[in-house]
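Notes follow once the structure below has been shown.
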């Protein structure tokens, strides 16, 4: 049973200076407010040092930005899946473009996530990678062409085919897997096009974090999703 809803607006805070100190909590509270106002599923991925604190304060899904294929115990510096479970973190990004891992590690993490009932959101850079990952049966795949990440050039406009093709490939393998898209998304129009192409939501970072008004930008990007609730 899925512990998230679609369409989903997934906000990766990365390590931008704009979210240092208590600003990670501030944007998470704003996201919670917009989620309550719009009924859209908003998921925030803060840096791991503040993960537990934010989970304890807000009532929207808070995912980790990365998890390691490591074991409980002698794994200093690693973020293990069981640790996420213990702090009520419901899921994590896996294989983000900035933190890529081998396919066999992705597979082991997906298996572990299923065992302990965490949501796996696995990133892919190409149709070929989407197909390989889909065969491992994650919960969500996010297609993000790396050349468009942070570019302000929306994947839904610059390369719409990679979204529709990703959806088609995944549906042929397992139509229970949800496909999101990211890279360069900036406006409500970008989101609308992505949803029309079959995406179940978006994964976004700088388009929100570097906006002058976080709440207005989150509302803008969430609004097109209301038509798909």
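The values are calculated or read from the model by the stated rules, or taken from the named source; none is laboratory data. Remember, it's a predicted structure, so these values are computed and weren't measured experimentally. So basically every Cβ, Gly included, is an ideal-geometry build from the backbone, and we count neighbours across all protein chains shown.
Some notes on this structure:
- For segment 92-104, the criterion of being under 17 Å from the mean Cα position of the chain (by Cα), closer than 29 Å to residue 26 by Cα and in a helix (DSSP H, G or I) is met by no residue.
- Test: residue in segment 205-213 that is touching a helix residue (DSSP H, G or I) at 6+ places or on another chain (Cβ under 7 Å) and more than 16 Å from residue 43 (Cα to Cα): yes
- Scanning segment 145-184 for residues that are assigned to a loop (DSSP other than H, G, I, E, B) and either farther than 22 Å from residue 63 by Cα or at pLDDT below 95 (or both) returns 145, 149, 150, 151, 152, 153, 154, 159, 174, 175, 183, 184.
- Check on residue 22, surrounded by fewer than 17 Cβ atoms within 10 Å (Cβ to Cβ) and in contact with a helix residue (DSSP H, G or I) (Cβ under 7 Å, 6 or more places away or on another chain): no
- If you check 159, 95 for being touching a strand residue (DSSP E or B) at 6+ places or on another chain (Cβ under 6 Å) and under 19 Å from residue 179 (Cβ atoms), only one passes: 95.
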